[in-house]
Amino acid sequence: MSKLIFDSVTKVFGEGSSEYVALDNINFEAESGQLILVVGPSGSGKTTFLTIAGGLQTPTKGNVKINNTNITNLSKRQQTNLRLKKIGFVLQSYNLVPFLTVEEQFKFVDKINQNNLTENKMHELLEDLELLQLLKKYPNQLSGGQKQRVAIARALYTDPEYILADEPTAALDTERSMKVIELLKNLAHKRNKIIIVVTHDLRLKDIADRVYQIIDGKMTML
Ligand SMILES: Nc1ncnc2c1ncn2[C@@H]1O[C@H](COP(=O)(O)OP(=O)(O)OP(=O)(O)O)[C@@H](O)[C@H]1O
């Protein structure tokens, strides 16, 4: 059973008169088998929460634990290893490599990670995300929604224990949004993943197992 714990996490940006409390004393726990939604208005701290959960930023105060390891105490190298082995990110910027085709985006991951989906599972994933026809295209030939679906497939390709997704449905129409969120929910339930989705998109609220809200850096369960 995997577990992600935030223990009194505060994140402050800037100093003195320009000090800004982006996360204010957050306590949070997620276990494998759950799809968790974090909603909140723009600027409320959602992305900061997600990047700290994945070790991309460190808290100013408090601890983040992944399976009983306090990731705040790990060296940079240990944090990078943890991210590569256990965490799949879907970031708002998609982070696709511009000079690689869709197919090559996955092969590129092969070089740095051994723990990838079998060919059958990969075919299934590409089919579910309607990407099979796009394998030979480059990112600049794709629409926003298509890039978003490639970024989701790439995060799932390494079969990570945790999936952290920032606005994964922002560029998708309602039908595709629901498909993507159902896919993530199935993965959480059937393959025992922890999936945390940060979103403005209140259409997704009824599908998640748990919903949290962040307002002005404070988190509450809805
Ligand atoms: N590196 C930084 N330096 C200073 N302030 C920052 C930094 N990163 C975020 N902030 C501030 O912290 C607050 C929370 O930002 P965050 O990106 O977490 O919000 P968000 O809820 O994800 O917003 P959105 O929905 O618009 O993406 C914002 O006021 C933002 O300006």
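The values are calculated or read from the model by the stated rules, or taken from the named source; none is laboratory data. Keep in mind the model is a prediction, meaning the values are calculated, not measured. Keep in mind that these areas ignore ligands, DNA and RNA; they rest on the heavy atoms of the full protein, side chains included. Shrake-Rupley method; radii C 1.70, N 1.55, O 1.52, S 1.80 Å.
Full extension of the chain between residue 7 and residue 42 yields a length gain of 10.2 nm, computed as 0.36 nm times the residue separation minus the alpha carbon distance. Ligands, DNA and RNA are left out, and with a 1.4 angstrom probe the accessible area of the chain is 50 Å² per residue. Straight-distance candidates among the lysines for linking to residue 3, with alpha-carbon spacing under 19 Å and chain neighbours fewer than 8 residues away dropped: 65, 85, 86, 185, 190, 193. The alpha-carbon of residue 121 sits under 20 angstrom from the alpha-carbons of these aspartates and glutamates, leaving out residues fewer than 8 places away in its chain: 103, 104, 110, 130, 159, 161, 182. In terms of the Cα gyration tensor, with a ≥ b ≥ c the square roots of its eigenvalues, is segment 3-221 rounded because a/c is under 1.5, prolate because a/b exceeds b/c, or oblate? Prolate. Of the residues 218, 46, 121, 65, the one with the largest accessible area comes first in the ranking 218, 121, 65, 46, computed with a 1.4 Å probe on protein heavy atoms. For segment 1-151, what is the relative contact order in percent, using Cα pairs closer than 8 Å and at least 6 residues apart in sequence? Here the relative contact order equals 20 percent.
The candidates 85, 190, 205, 147, arranged from most to least accessible area with a 1.4 Å probe in the full protein assembly, appear as 190, 85, 205, 147.
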